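Student: The structure follows.
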Amino acid sequence: MSWIVLIASGVLEAVWATALGKSEGFTKLWPTVTFAGALVLSMAGLAWAMRDIPVGTAYAVWVGIGAALTVGYAMTFGGEQLSVVKVLLILGLIGCVIGLKIVGGEH
């Protein structure tokens, strides 16, 4: 269950990072509200998952999921130039996250 919560928290990290950019310095209401809600839920889920998953593994997986999804979203919907190298690097990042799950274990 901790891994499911951690993955969901990583997805929420991508949500708050994207909403932060769209908030334009907290001047737009709904992106700011989305940012705040996703941030709280993401951090709470990360903290909860760290009860069973080692801190280093949990944090690396959380950041990796969030970063991959944030860049993937930006490349898909504008704002970030699509390139083969970026796609390969994101796939490598995802591979590393999966590797951490395989070897990471729990406390």
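Student: Taking the chain as a Gaussian network, Cα atoms linked when under 10 Å apart, which of Leu39, Leu20, Leu91 shows the biggest mean-square fluctuation?
Tutor: Leu91
Student: So if I take the alpha carbon set of the chain, get Rg, then get Rh from the Kirkwood formula, what is the Rg over Rh ratio?
Tutor: Checking Rg against Rh, the ratio lands at 1.01.
Student: Mind sorting Glu24, Glu80 by how few other Cβ atoms lie within 10 Å of their own Cβ, fewest first?
Tutor: Ranking Glu24, Glu80 by Cβ neighbours within 10 Å, fewest first, gives Glu24, Glu80.
Student: Describe numerically, in nm with one decimal, the distance between label points set 7 Å from Cα along Cα→Cβ at Thr27 and at Met43.
Tutor: Roughly 2.5 nm, to one decimal.
Student: Separate question: About the Cα centre of the chain, how large is the charge dipole given +1 on each Lys and Arg Cβ and -1 on each Asp and Glu Cβ? Please answer in debye to the nearest 20.
Tutor: For this selection, approximately 100 debye.
Student: Students often forget the sequence filter, so: which lysines lie under 28 Å Cα-Cα from Lys101 once same-chain residues fewer than 8 apart are removed?
Tutor: Lys86
Student: In the neighborhood of Gly21, defined by Cβ-to-Cβ distances under 11 Å, what is the net charge if each Lys or Arg adds +1 and each Asp or Glu adds -1?
Tutor: Once positives and negatives cancel, what remains is 0.
Student: Return the sequence-ordered ³J(HN,Hα) values of segment 86-99 in whole Hz as given by the Karplus equation 6.51 cos²θ - 1.76 cosθ + 1.60 applied to θ = phi - 60°, using x for Gly and Pro.
Tutor: Along segment 86-99, the couplings run 4, 4, 5, 5, 5, 4, x, 4, 4, x, 5, 4, 5, x Hz.
Student: Let me ask something else about it. Mind checking which of Thr70, Thr27, Thr57 has the largest fluctuation in a GNM of the chain, springs on alpha carbons under 10 Å?
Tutor: Thr27
Any read-out appearing in this document is the output of simple, stated calculations on the displayed coordinates, not a laboratory observation. Just so it is clear, the model here is predicted, and its values are computed rather than measured. Heads up, the Cβs are rebuilt from the backbone with ideal geometry, glycines too, and the neighbour counts pull from every protein chain shown.
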